[in-house]
Structure formats: C-alpha cells, structure tokens
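Remarks on the structure that follows.
What follows is calculated from the coordinates using simple rules that are stated; it is not laboratory data. Computed from a predicted model, the values in this text were never measured in an experiment. FYI the Cβ positions are ideal-geometry reconstructions off the backbone, even for glycines, and counts take in every protein chain you see.
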Amino acid sequence: KENAQANIHVLQNGKEKQTKVLPKIVSSEDIQEARRKLPVYSVRGRLIEEIKKHQTMILIGETGSGKTTQIPQLIHEYRLEGNGAIAITQPRRVAAITIAFRVAAEMNTEIGAIVGYCVRFEDVTSIKTKVKYMTDGMLLREAILDPLLKRYSIVILDEAHERTVSTDVLFGIVKLAQKERNEKKLNPLKVIIMSATMDVDTFRQYYDNCPVIYLEGRTYPVTIYHSKMKQEDYQYAAVCTIFQLHATTPSSHDFLVFLTGQEEIETVMYNIKQIAKEAPGPPIRVCPLYAGLPAQKQLQVWKDTPPGMRKIILATNIAEASVTIPTIKCVIDTGVVKERTWCGASGAERLRVSTCSQAAGWQRAGRAGRTAAGAAYRLYTAADFAARPLHATPEIARCPLAPTILLLIAAGIEPNTFPLIETPPLDSVKSSLLLLKELGAIDNDVNPKLTTLGKKMSMFPIDPKYAKVLLSAPEYNCLEEALSLVAVLSSENIFYSPMHKREEAFKVKQKFISPLGDHLTLLNVYKAFCKATLKKQWCKENFLNHKNLSYACEVRQQLLTVCQRLNLSVSSCGPATDQLLKCLLSGLFTNCAWLRGGPGMAAGARYVTGAGAAASVHPASVLHAVRPSPPALLYSEMLHTRRTYLLTVSVIQPQWLHQVAPEYARRCRASR
Ligand code: ADP
Ligand code: MG
C-alpha cells in the first residue's frame, strides 16, 4: 500500500514538473528529426545485434553521439529488457533528471511512466517504468536491499570515465550480480559500460576481455589557443577573454565558459552583465549551468536566442561530458575544477579548486566542435597543459570511503575482498573503517560486522556521520531540530546574496544569526521559513533561496519517514540549543578545530583541526568576525582555495568532545 501511494504521489509530481519544465521549445517533429541526425541512429541495427549478442560490453563514443539518450530507448524499442527494467546510471543528479525529461519528450510520454528517474530524495518512477535514469549512488543504495539487482535485466553504467566512487563500486556489484544470477540460473543480467573516451584497457581486463564498441562521433576541428603568460586570477582572465572575443566574433557564436561552482558563476555573471552595458558587441544572454540549478533554469541553456543575440553559458564541469549544448562555437577554459579531496591518513576532507587533467582539457575543448568548426581558449599556458596529468585521479583514491564501505558491509559484501577495478589507498580504507567503528557502525575494523546502530545508519541516504547525528538525537531530545538541520545541510546554499546587494542581504541576515554559529543560524532560517505564509515573497524579502529551502523541506520529510520507521522519538530541545550542538558533535567529532595562538590574531584567527590542519573561519560564516575567537569549533566542511577555510561552523565547549566521543578524543590527544 505504501508503494502504491508513493507511486501516485510520484506521478503527480512528474506531471506537475512536466508542464512546468517542458514548454514547447521544440515541436515533436523537430525532436524526431534531431534524433535521426545523431550518430547512434545510423548504426542502430548493428548496435542492437551487438547488444543482443553479448552479456557485457563497453561502448565508447564522443560526447553528443547519442549514447545516453538513445541507447536505452533503442533497447526498449526492441524490448530487449524482457520483463525486467533498464537502469542507466549517471554520476550527476542533474544529468539524470534532465536526460530523463528529454527522453520522455522524445518518446512522447509523461515522465514517471515508461521513462522515469530516481535520484536522492526524489523518485519519479512507477511500476510501469522500463527506462530508469538514476544516479550511481541510488543504484548502489538499491544494491543493499538486493545485491543481485533482480528487478533489472539490463544495467548501463554511463559516464564510466568519470570514475566516481559509486560507479567504481557498481562495476564490481554488477559483475558479481551477473555471475551469481548465471550460477543460480536466474534471469541473466546484461551489463553495458558507456563512456566518452577513456582508458579502455583497464576496463576490458576487468570484464574478462569483453567486446568494445566504438561509436564514431561527428566532430569538427577545434583550434586551441593557450594563454601566453600565466594568469594569476582566472575569473578576471575569463571576463577579459569573453569581452575580447565578444567584440570580434559574430553573434551567432555562442560561448561556453568553464568555472568551478555556483558562487563563482554568479559573480562572473554579474560582472558580465555590468560590463556588457558599455562594451561593444551584440546583445547577450548569460545562462548559468551548475548542479544545484533548478531544471527549468537549466533548460535556458538549450533555448535559442533571438537572431543577433549571443548566448554565454557559464558552467561547471557538468558541461564537460554529461550534457551537450549544440550551439557552442567557442570554449573558454579556466583549466580548474572544484574537487572533493580527502587525506585518508588524517581524515580531513576538503573541497579544493584544483587544475584539471589533460583529458578534461580535451573534453572541454571538444564542446566547441559539435555543429561546426570552433575554437577553445585555454586560460593557461601550453607548458602548464603539458605538465598536467593525463587523467584525473579516480575519486576512490581521493574521497572518504566510510559511506561506501558502510553500504558494502550492509549489502553483505566483505569490503576487504571485494573486486574493485582500482584498489583504494590502504590508509584510506583503514581510516574509514576506524571512523565507522568510532561512530559505532561496525563492531571491529579488521573483520567488520554491522552493529544494530550501523544497520540503522545504512538506512539513511546520507553520510553516516549525519545518520549518526539523527540516531543520537533522541538521546539529546532534539530530533525535531536535528532533522531540520541535516535537511538544510543536505541542500544547496539557502542564502541568496547577489553581488550588487551584498550589504543589504547581510543586514537582513542579522535577524537570523545565532551567536553560537552557522548551524543554529541555518536552523533559525529554516524555522522562520516554515512559519512564513507567503513563502516565495518572504524568501525574496529575506534574501533566501526559495527553491533550496523547499527542497530542504522535502528532504526533511523523507528523513522523518526513515526515523519513524525506526521508531525514533521526535522531540524538541526548545531553547536548550546546546543539546543540538552536542548531538551534532556525536556524528561530526572528527570535524573539530581548536584555536591556536593568542586570541584576536590578525587576518582571522587560526585554528588547528583534529587532523592537524591549519585553517581559518570562512568569511561567509557568522563567526568570521566574532572576537574573542571561540576556543573550540565544530565545522561541517573544509574548503581549500588559496587558504584553508572552515565552512558552516559552530561554537562548542572543548570538554564536550570527551563526553561525546571519548575514544576519538583520546586518539586525537595522543597524536597531538
Ligand atoms: P552522449 O551521451 O553520447 O554524450 P546524449 O545522448 O546525451 O549524447 O545527447 C545526444 C544529443 O541529444 C545532444 O547532442 C543534444 O543535441 C541532444 N540533447 C540531449 N539532451 C538534450 C536536452 N535536454 N535538450 C535538447 N537537446 C538535448
Ligand atoms: Mg552521455
């Protein structure tokens, strides 16, 4: 019954979205015409034969050749999936959603019926769904409950070259599932690995020399220009390059600029709009494209501009391979990317802006040659390019593995013998197991078994640290607050502070601020949002992001459902906010920092984290300018740019750590 209801809800959701998201941009004939022009179309007969013949295959093709949108449809047209469904994984949530919408439109059906998508906190599928786009993380979650993935007859692991941790683990899961289904004489599982250009040999070996099929792309030459001198400030260099080109190239040439994240994109967008008022050149439309952007806004990117108007797309690396924008003739590549990296030994996790690989550089440049010859302007020197690594380090070698290891153990898979395509650093496995043990998720870190607590933790679709926060909340009488806070932390930035109204936004923010830091401030905003009646209007007045706050409400609801299933008592700590911070510490004890040196040091107080890294409070934190600096802090995230910053920070009492996580506190003191 629960399922049936979920489906109805989902379908309604889907319909609602469809009317909103799919204005008549292209008529259905145009869509069909466009499909017939894709490289996949002309070889579809042979492709189907190959897919029929092999149980596992690797399919390589240029971005834009039609792999992601066409191949699942093609398989469905020929009903190769039989009674099962086709799962297509994407490393990125936005890609899964926008592609599912596109495919539903191409098949002229509503989203959530034959074609659906499933991403964290949002399941738009039904029993009818045959073509299911999903994030790799979601399929991995499904594998806990059903390691044989029995509901699927075909699993397509797409964007394999991105080598996310989840996709890497899925390589192994599908391999094992296929083998076991064969042995048990269950319905066979077909596996297709799809990717833009990649290191094929590793994959072939891993899949016992399975066949590799190359799809020919249709690309035009792209002229590459490198910067002559090293650029100190890539944002500034990007804006300069945009306007130099803007003054000299025809308006029909659209630009694609690669930047690292939402904030940076917003800043550059504002600067472009300001300068454009006076700069020579045709009128422009600037379109942002990043993961947190609502699907409707993303579609702007594919909307034609009126004749004589130039489109400038400011994108993160999601435009590198996951999505294709056909009209781009000019790529401006800053050569950087925001990456989550992690130091296994110290347990410090960080977001870092780093230079991207040569492979990424070629991918980016390639975006300019989709429909005609184009040009790519690299804002770094040729020597710099040559010195870069050929491929990016797979995520598994630079990310915290605790969430993944917990999932593996929950799926009954022994993490130490699991056949991964690439062995993660031993340090990193060790420290992740240690963390899981200190969180109370596993009984020991040598031959780990899930504890009762660990089993509960694995039921939450969030980082085990935050799952622990929710599970300890009843003890601190604060599940009400913990749910709201974790929901907000699972969403994108809820504050909206446009460049030109920074000061005004800052003033308005004051009324939400808690002297104890960002977590309670976020909670204050969330509570006020829930009380507000005209929410959209209220958000606008308070410089808050309505979409992200609404999303947080949905997330909270889903987390609440899990808590209720676990019979957790939902109560509120009221004004005793200390309780909430202690509760937060019970999951985030590895994220503490202590003041070093005298109070009131210049240029922001320097803190030292539990892992020994020196860092300061980020300027966006409400604690940034607080003096005297609090002696101990708890942070949600660490960011590395030119300096190391602590993001989303709260004041804690130093002695709490010993009360809340004695084992870790001892280890931490011993190492200092
Ligand atoms: P691949 O997976 O091989 O990179 P895709 O199947 O994602 O290729 O895309 C094939 C083509 O479909 C793109 O080149 C683009 O022209 C078109 N396309 C894909 N998604 C959309 C969309 N949301 N809106 C309009 N066109 C799209
Ligand atoms: Mg694709």
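Before moving on, here are some points about what is shown:
- The charge dipole of region 369-437, taken about the Cα centre with unit charges on the Cβ atoms of Lys, Arg (+1) and Asp, Glu (-1), comes to about 200 debye, rounded to the nearest 20.
- Projected label points at Tyr41 and Ile127, each 7 Å from Cα along the beta carbon direction, are separated by 3.6 nanometres.
- Largest-first ellipsoid semi-axes for the chain, taking √(5λ) over the Cα gyration tensor eigenvalues, angstrom: 38, 33, 25
- Over region 451-569, the fraction of Cα-Cα pairs per 5 Å bin, rounded to whole percents and listed from the shortest bin up, is 2, 11, 20, 22, 17, 11, 9, 5, 2, 1, 0.
- With N the number of residues in region 139-228, Rg(Cα) / (2.2 N^0.38 Å) evaluates to 1.37.
- One way to sum up the overall shape of region 425-473 is the equivalent ellipsoid from its Cα gyration tensor, whose semi-axes run 19, 12, 8 Å, largest first.
- Going by neighbour counts of Cβ atoms within 10 Å, the residues Tyr78, Tyr290 line up, fewest first, as Tyr78, Tyr290.
- Counting only DSSP beta bridges whose two residues both lie in the chain, roughly 35 percent are antiparallel.
- Theoretical FRET efficiency, 1/(1+(r/R0)^6), r = Cβ-Cβ of Asp304 and Thr561, R0 56 Å, to 0.05: 0.85
- Dipole magnitude of the chain, debye to nearest 20 (Cβ charges: Lys/Arg +1, Asp/Glu -1, about Cα centre): 700 debye
- Charge dipole of the chain about the Cα centre (unit charges at C-beta), most positive-ward option of Val651, Pro306, Ile494: Pro306
- Pairwise label distance in nanometres, Glu554 with His391, each label 7 Å out on the Cα-Cβ vector: 3.5 nm
- Helical contribution to [θ] at 222 nm, DSSP H n ≥ 4, -39,500 (n - 2.57), averaged over the chain, rounded to 500: -12500 deg cm²/dmol
- Furthest towards positive pole of dipole, Tyr377, Leu140, Tyr664, structure part the chain, Cβ charges: Tyr377
- Packing-based exposure ordering (other Cβ within 10 Å, fewest first) of Leu407, Leu314: Leu407, Leu314
- Dimensionless Rg over Rh [region 550-601; C-alpha; Kirkwood]: 1.15
- Solution diffusion estimate, µm²/s, Stokes-Einstein, region 501-620, Kirkwood Rh from C-alpha pairs, 20 °C, viscosity 1.002 mPa s: 124 µm²/s
- Remark: spin-label model distance Gln659-Glu541 equals 3.9 nm, labels positioned 7 Å along the Cα→Cβ axis.
- Amide H to amide H distances under 5 Å link Arg352 with Glu339, Arg340, Thr341, His640, where only residues 5 or more positions off or on other chains count and H is placed in the peptide plane.
- Multiplying the residue separation of Gln55 and Lys511 by 0.36 nm and removing their Cα-Cα distance gives an extension gain of 158.1 nm.
- Qualifying lysines (Cα of each under 22 Å from Cα of Lys277; at least 8 residues distant if same chain): Lys311, Lys501
- Debye, to nearest 20: dipole size of region 503-572, +1 on Lys, Arg Cβ, -1 on Asp, Glu Cβ: 200 debye
- Going from the fewest other Cβ atoms within 10 Å to the most, the residues Met229, Met457, Met138, Met269 appear in the order Met229, Met269, Met138, Met457.
- Note on Met107 and Tyr236: the extension gain reaches 42.1 nm, defined as 0.36 nm multiplied by sequence separation minus the Cα-Cα distance.
- Note on region 355-466: Rg/Rh from C-alpha atoms, Kirkwood Rh, equals 1.20.
- Within the same chain, lysines fewer than 8 places from Lys179 are excluded, and of the rest, those with a Cα less than 19 Å from its Cα are Lys52, Lys53, Lys150, Lys190.
- Length added when fully stretched, Leu145-Ala34, from 0.36 nm per residue minus Cα-Cα: 36.0 nm
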